[in-house]
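Engineer: I have a structure here, written as structure tokens, and I will follow up with some questions on it.
The values are calculated or read from the model by the stated rules, or taken from the named source; none is laboratory data. It should be emphasised that the depicted structure is a prediction, and the values quoted were computed from it without experimental measurement. Here the Cβ is made from the backbone with ideal geometry for all residues, glycine too, and neighbour counts use every protein chain on show. Please note that ligands, DNA and RNA were not included when accessible areas were found on the heavy atoms of the full protein model with its side chains. Shrake-Rupley method; radii C 1.70, N 1.55, O 1.52, S 1.80 Å.
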Amino acid sequence: GQDIMRNSPSKKLTVTITSTSSGLNLHLIGSKKYILRVNAGKLVFDKTVSQNEYEITDVKKSSTNETWHPVYGEKNTISNKYNELTLTLTNKANSKNTLNIVIRMYDEGMAFRYIFDRKFAAGFIMQEELTTFDFEADHEAWLTNRAQATYKKDKISSIDNGCERPLVIKQNESTYLA
């Protein structure tokens, strides 16, 4: 398939989505430099790994530029500005089974989520979500293995049994990932 691209509002960041035999790859680029590759769409339903059982059947783009006013906090106005891309994935064997991946591109970063079709999801138990994040180096990270614990600075490779959120990774002097 053809690559799909979406920029952040100021074009500081770009995500390129590529469909491969192992699923969807999201490549995040900033200032013409590689930041991160996310292998998305690998899900385990009822002990069956679903990785390349889907094809992109629809792409929708939208943009949001709004402000909201928090009840309390340090700022009176919060800007919510992003470009959104919604990919509809349809199961190759059963076109009634769909899944959406919504990707939001902010000037500060990228966020994504899975949205399951209600009818499809009612028939399965999702046991695992196998999304992977691939970095070009073993960066420093601030991590802890449980909520409310003290964070320590260590390398990504030291994570063995998961970690508590947020995981903050220092890619270089000006780029942090969370």
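Engineer: Going residue by residue through region 94-102, is there one that turns out to be modelled with pLDDT under 80, among the hydrophobic types (A, V, I, L, M, F, W, C) and either in a strand (DSSP E or B) or open to solvent by less than 40 Å² (accessible area, probe 1.4 Å) (or both)?
Structural biologist: No, region 94-102 contains no residue that is modelled with pLDDT under 80, among the hydrophobic types (A, V, I, L, M, F, W, C) and either in a strand (DSSP E or B) or open to solvent by less than 40 Å² (accessible area, probe 1.4 Å) (or both).
Engineer: Related question: Do you know which of the residues in region 60-93 that are basic (Lys, Arg) and not in a strand (DSSP E or B) is least open to solvent (accessible area, probe 1.4 Å)? Reasoning before the result, please.
Structural biologist: So in region 60-93, the residues basic (Lys, Arg) come out as 60-61, 75, 81, 92.
Applying the additional criterion that residues be not in a strand (DSSP E or B) yields 75, 92.
Working: 75: 132, 92: 115 Å².
Restricting to residues being basic (Lys, Arg) and not in a strand (DSSP E or B), the top hit is 92.
Engineer: List every residue pair whose Cβ atoms lie under 6 Å apart, where the two residues are 6 or more positions apart in sequence or sit on different chains, the first residue falls within region 100-118 and is over 14 Å from residue 131 (Cβ atoms), and the second residue, located anywhere, is among the basic types (Lys, Arg) and not in a strand (DSSP E or B).
Structural biologist: 107/12
Engineer: Let me ask something else about it. Taking region 134-178 only, how many residues are at pLDDT below 90, within 19 Å of residue 33 (Cα to Cα), open to solvent by 60 Å² or more (accessible area, probe 1.4 Å) and not in a strand (DSSP E or B)?
Structural biologist: Matching residues across region 134-178 total 4.
Engineer: Among the residues of region 103-117, which ones are open to solvent by less than 70 Å² (accessible area, probe 1.4 Å) and part of a loop (DSSP other than H, G, I, E, B)?
Structural biologist: 106, 107, 109, 117
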